[in-house]
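Structure first, commentary second.
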Amino acid sequence: MRAAAVLALVAGLLLAPAPAQAEQQRADGFAGLNALGVDGTTGGAAGETVTVDNLADLERYATAAEPYVIRVRGSITMEPYGREIEVASDKSIVGDGPGAELVHGGFFLNGVHNVIIRNLTIRDTYVPGDWDGKSKDYDGVQMDGAHHVWIDHNHFTRTGDGLLDIRKDSDYVTVSWNVFSDHNKAVGVGWTPNVVTKVTFHHNWIRGTHQRNASIDNTEAAHWYNNYVQDTAMYGTMIRGGGRLVVENSYYQGVPDPIVAKDPASQVVQRGNVLRDSPGRSDSAGTAFDPSAYYAYTLDPAERVPGLVTRGAGPLGAKAGGGAGPSGADAGRGAGRISVALDGTGDFASIQAAVGAAPRGAVITVQPGVYREMPRVWAGRRDLTIRGATGDPEDVVITYDLSAGAAKFYGGTWGTAQSATLAVLADGVTVRDVTIQNATDETVNPGPAPAVRTAGDRTALDGARLLGNGGVLQSDGRRAHLRDCYVQGDVDLVRGQGTTVLDGCTVRSLGPGNVLAGGTVLVNGGRLEGDVAKSVSLGGSGAAVVRDAWLGAHVKDDPWTGEGGFAEYRNTGPGAAVTADRPQLTDRQATRHTVKRYLTGWRP
């Protein structure tokens, strides 16, 4: 055999799912144990194998009293929207090749046992506008009081509430090699005061989610190993109540508060994990339990987990990372043009879902409406554009209401990084013709309440409206450029650590205090407006230049405070003046304080 052929064969073996993974018919972990009268989880192996390609047949066999192996072929749309089939005991529901999926619905396992759900995509029951999942309990899979359940090699995305909920004393459950993506709530375990549930999670990929990554409550034993948690907004893996959790050889990337023991009785033992760009809590508490006392298992090195999981998780035979299969949404994203609409006419009903599906360089067009959500443009979504469909920013409003000073339910405060309505973590992102609002009630939660936080380089806001209280723009990335924008808030309207250019923008102060706070800021043209009775300082920290701008009478006569580097140049309006308290640039100095110079080679 030629060397090239040998190398190709070796590469194929390395990239392909392991044979044991592809052929395994019996659950491992807790679902593989002999308990409660069930000797491991074999699903419908004792019964007939049938193939279904429509809802009627799927429901007929899934709810039957007899055991069945049900092979699902192609895409099945659930009706009505959000429908959950109540699966009976002794069932295997297995996708039959790439593209096997349930759309607009899921499964409910209520007091049943010996169920396998495998090799499926379960997607798109999101209720437009219901980011918090409070109006409809549309889960991908929900189980109440079930036992011996194996959830393996599926892709869960964009459901109405949780992607996977393991509830009410469900027991002997294994969740392996799944992808959970692009949603608010990923995986929840609990909803009971009893400390009963035993559950194994291994080789799952949780990405682009906000909370429940996973949230695990009152488990007798939760074993979490070789999982890859990537790009989450609020927290990582949490143990609650009197639960016991062991976290081993897992990889956390871009996850704030990656491992949390929430309550005094919560126990977590962690070992061998990798925490990359994952600040905040990484708790250890108590002795938890010894997983090897229940079953044998083999750990992969944590450093290998991202590669193993991104290649192997999700439906077998699908593209790496659990591709969602053909749909109108996939067709749009393939062309790099994605639409979002609340009325069902778009590819997606949430901006976060569209960001998760977007390839590099995609344009996401958002139709008119009020989108109550907290979109995150994750670090891997480079060169993305989010634009309002009409060109009028008042037609498209992205809003949420979380302040930096608000208390986390597990201790501490959210801070500016986690409380922003829109956070741009990737490089080269443009946001155009939309309104971004942090609608926090500052009488309840005072302090910064950012509408936008930038953390990537080359963030461009074009014709956008930023509304909030304090700290409306938290500019922490290397360079941000705002052109023809409207920024409105109370105090420290532009703050952070990066370089920010406001080019022809209107900045309206609603209260007294500083307009600019921190970082390096150039105000080039535009207007600074406000109530004359609520006088403002231009800046109190960092370095700032305000030039060729119209300044309202609310600007103080001595507008610069603190020890920063400040200057003005050719400003006009009732708040402009040339005095000893207001350093002015010379014409020669002004040539070094231009948009081009501040952006150092980047032309938005």
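At a glance:
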{"quantity": "Checklist (1) surrounded by fewer than 18 Cβ atoms within 10 Å (Cβ to Cβ); (2) in contact (Cβ under 8 Å) with a residue 12 or more places away in the chain applied to residue 537, failing item", "calculated": "(1)"}
{"quantity": "Pair list, Cβ < 8 Å and 6+ apart or interchain, from the range 40-53 residues that are within 11 Å of residue 93 (Cα to Cα) and of a type outside the set (A, V, I, L, M) to residues that are at pLDDT 95 or above and open to solvent by 70 Å² or more (accessible area, probe 1.4 Å)", "calculated": "49/71; 51/71; 51/73"}
{"quantity": "Residues of the range 426-459 satisfying the condition of being assigned to a strand (DSSP E or B), open to solvent by 10 Å² or more (accessible area, probe 1.4 Å) and more than 18 Å from residue 497 (Cβ to Cβ)", "calculated": "430, 432, 437"}
{"quantity": "Only one of 214, 265, 222, 261 that is without any contact (Cβ under 8 Å) to a residue 60 or more places away in the chain and surrounded by fewer than 21 Cβ atoms within 10 Å (Cβ to Cβ)", "calculated": "265"}
{"quantity": "Residue satisfying condition, being under 25 Å from residue 357 (Cβ atoms), among the hydroxyl-bearing types (Ser, Thr, Tyr) and not in a loop (DSSP other than H, G, I, E, B), within set 235, 252", "calculated": "252"}
{"quantity": "Every residue from the range 178-201 that is of a type outside the set (S, T, N, Q) and either open to solvent by 10 Å² or more (accessible area, probe 1.4 Å) or under 11 Å from the mean Cα position of the chain (by Cα) (or both)", "calculated": "180, 182, 183, 185, 186, 191, 193, 195, 196, 198"}
{"quantity": "Residue check for residue 403: of a type in the set (Ser, Thr, Tyr) and at pLDDT below 95", "calculated": "yes"}
{"quantity": "Filter result for residue 488 (under 25 Å from residue 208 (Cα atoms), open to solvent by 10 Å² or more (accessible area, probe 1.4 Å), touching a strand residue (DSSP E or B) at 6+ places or on another chain (Cβ under 9 Å) and assigned to a strand (DSSP E or B))", "calculated": "no"}
{"quantity": "Residue within the range 510-527 that is in a strand (DSSP E or B), among the β-branched types (Val, Ile, Thr) and under 16 Å from residue 448 (Cα atoms) present", "calculated": "yes"}
{"quantity": "Scope the range 543-559; condition crowded, with 22+ Cβ neighbours inside 10 Å and either of a type in the set (A, V, I, L, M, F, W, C) or under 38 Å from the mean Cα position of the chain (by Cα) (or both); matching residues", "calculated": "544, 545, 546, 549, 551, 555"}
{"quantity": "Segments classed as strands (runs of 3 or more DSSP E), wholly inside the range 358-425, with at least 3 members that are surrounded by fewer than 19 Cβ atoms within 10 Å (Cβ to Cβ) and under 18 Å from the mean Cα position of the chain (by Cα)", "calculated": "none"}
{"quantity": "Strands (runs of 3 or more DSSP E) enclosed by the range 60-170 - at least 3 residues per element that are crowded, with 21+ Cβ neighbours inside 10 Å, touching a residue at least 40 places away in the same chain (Cβ under 8 Å) and touching a helix residue (DSSP H, G or I) at 6+ places or on another chain (Cβ under 9 Å)", "calculated": "147-152"}
{"quantity": "The range 225-254 - residue that is closer than 15 Å to residue 285 by Cα and open to solvent by 10 Å² or more (accessible area, probe 1.4 Å) and, of those, nearest to the chain's Cα centre (by Cα)", "calculated": "240"}
{"quantity": "Any hit, the range 566-576, residues being surrounded by 15 or more Cβ atoms within 10 Å (Cβ to Cβ), in contact with a helix residue (DSSP H, G or I) (Cβ under 7 Å, 6 or more places away or on another chain), of a type outside the set (S, T, N, Q) and in contact (Cβ under 8 Å) with a residue 12 or more places away in the chain", "calculated": "yes"}
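Yes or no, residue by residue, for (1) at pLDDT 95 or above; (2) in a loop (DSSP other than H, G, I, E, B); (3) more than 24 Å from the chain's Cα centre (by Cα); (4) among the aromatic types (Phe, Trp, Tyr):
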residue: 256; (1), (2), (3), (4): yes, yes, no, no
residue: 269; (1), (2), (3), (4): yes, no, yes, no
residue: 295; (1), (2), (3), (4): yes, yes, yes, yes
residue: 299; (1), (2), (3), (4): yes, yes, yes, no
residue: 309; (1), (2), (3), (4): yes, no, no, no
residue: 316; (1), (2), (3), (4): no, yes, yes, no
residue: 319; (1), (2), (3), (4): no, yes, no, no
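The values are calculated or read from the model by the stated rules, or taken from the named source; none is laboratory data. The shown structure was predicted, so the numbers you read here are calculated from the model rather than taken from an experiment. Positions of Cβ are generated from backbone atoms using ideal geometry, with glycine treated the same way; all protein chains shown enter the neighbour counts. Heads up: the accessible areas ignore ligands, DNA and RNA and are worked out on the full protein's heavy atoms, side chains in. Shrake-Rupley method; radii C 1.70, N 1.55, O 1.52, S 1.80 Å.
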